[in-house]
1. In Å, what Rg and Dmax follow from the Cα atoms of segment A:29-92?
2. When ranked by the protection proxy of mean other Cβ atoms within 10 Å per residue, highest first, what sequence do the peptides A:94-105, A:47-58, B:180-191 form?
3. Count, for each residue of A:51-58, the Cβ atoms from other chains sitting within 10 Å of its Cβ, then give me the mean as a whole number.
4. Work out the mean other chain Cβ neighbour count within 10 Å for the residues of B:17-29 and drop it here as an integer.
5. Taking the beta-carbon count within 10 Å as an exposure proxy, list A:Cys148, A:Cys159, A:Cys198 from fewest neighbours to most.
6. If packing is taken as the mean number of other Cβ atoms within 10 Å per residue, what is the order of A:178-187, B:200-209, A:60-69, highest first?
7. How shielded is A:101-108 by partner chains, expressed as the average number of their Cβ atoms within 10 Å of its Cβ atoms?
8. What residues qualify as long-range amide H neighbours of B:Ala225, i.e. H under 5 Å apart, gap of 5 or more or another chain, H built at 1.01 Å from N?
Amino acid sequence: MDKMAVSMHGGAQARAFMEQNLATIASPDELIAAVQRGSRAALKRLYELESRRLYGIALRIARRPDVAADALQDAFIQVWQNAGSFSPMRGSAAAWLTGIVRFRALDAVRKLGREVLTDDPTLGDAVDEPDPAAAIDFKLLQGALQRCLETLEEKQRRCIVLAFVDGLSHAEIAARLTAPLGSVKSWVRRGLLSLRSCLEP
Amino acid sequence: MIPESPEQMHILAGEYVLGVLEPEIAREIEAALPRNSALAASVAFWQERLHPLSSLAASAEPPPGLWQRIESRLDAATPAGSARLWQSVALWRWSTAAAAAIAACLALYIALAPTSGPSYVAVLHAPQQADAAFVATGGGGGLLLRAVAQEKPPGDRGFELWAIPAGAKPRSLGVIPPDGRVELGRLPVPLAAGTTLAISIEPKTGSPTGQPTGPVVFVGTLLAAQ
């Protein structure tokens, strides 16, 4: 246990150094590493850097500012509690954060029920929203994912985008595309299958 | 039921990341993740590869005061530092069998090792999971890694061992042979307390780039052992 105490002392020095330099850190990966060492200042800096992007993701899925704000709040508590489970070799901090926010927003939407959300008269009808798959400017996306999405059939691509970006369930996609549920499920699976073979080296 | 077939499992992981699964199935996957490293690797694959799509959601300003609301909940939430300490304490709570294997490994290493200099020990486990998969002991410029569980890489892939000194890039310590045992007399980086050891899934002949390309499935940190 003595050794652990020694290494924690070293950690405290490193922490003091980190806190001084946080303002200059713009990399979520480095900030998560500091959060792993228990730095609240790093969590705050992470919020400053990433909250607009992450709130946008939550809002797109939840479509209600109060629900999106709660999802973002829960996500940051989860980041604080589970920073230790992030491994930089496994993936990027940005993708890890996105995953946490998406799941918290999806949880909220599934719990509340999408009907409740879309019946809100102040929010307009979901059907009137631009169809993201139709509106996608693929040039916005870069690299392998863009190239691989382009190889998919149109309906497979739309299913995957509606699920990932808008957080729609199989049934909601079916309603949106006026397609049978079984077809939607198989488009999603076949889309994933093609994406996988395209994305894997 | 998580499918046994790698292909079906990979697609299920993709559906999980997309968020289209029934809540009960999604919960089942979440529960299986800590003990199913192949499933965890698939989820990480999709999370990372689909991530660029999230840029299609326009950024938006969160409501004012949201950070203060988060901050006020941090005290009640377990701080990350304590969680990490808890994890390292949890390292001492494995099954007796794993502990016995570790003791045997340590004893063997100490018998082989030069008597001078510090020695280190690391327990490698899957992220978010306490069960030991590999144990490493080091000292005198060498390292011995031993499997203490029956973890195997998927089909045509291999495990590769990496050392990551604090703040530095991963350095390969080589591909782990099927018996899960690696004995190195010389290392490309000096060992130090705090160095992370990690195992990633790579092609059988090792990463083509010299840096990890596949998901990390086990990690551990070297602690001074004496």
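The numbers here are math on the coordinates, done by the rules we state, and not lab data. Given the structure is predicted, the values throughout are model-derived calculations rather than measurements. Positions of Cβ are backbone-derived with ideal geometry, glycine not excepted, and every protein chain shown enters the neighbour counts.
1. 12.2, 35
2. Ranked by mean Cβ neighbours within 10 Å, highest first: A:94-105, A:47-58, B:180-191.
3. Numbers: counts 7, 5, 6, 5, 7, 9, 7, 3.
Mean number of neighbouring Cβ atoms from other chains: 6.
4. 5
5. Sorted ascending by nearby Cβ count, the order is A:Cys198, A:Cys148, A:Cys159.
6. So the peptides A:178-187, B:200-209, A:60-69, ranked by packing, come out A:60-69, B:200-209, A:178-187.
7. 3
8. Residues meeting the criterion, in which the H sits 1.01 Å from N, are B:Ser119, B:Tyr120, B:Val121.
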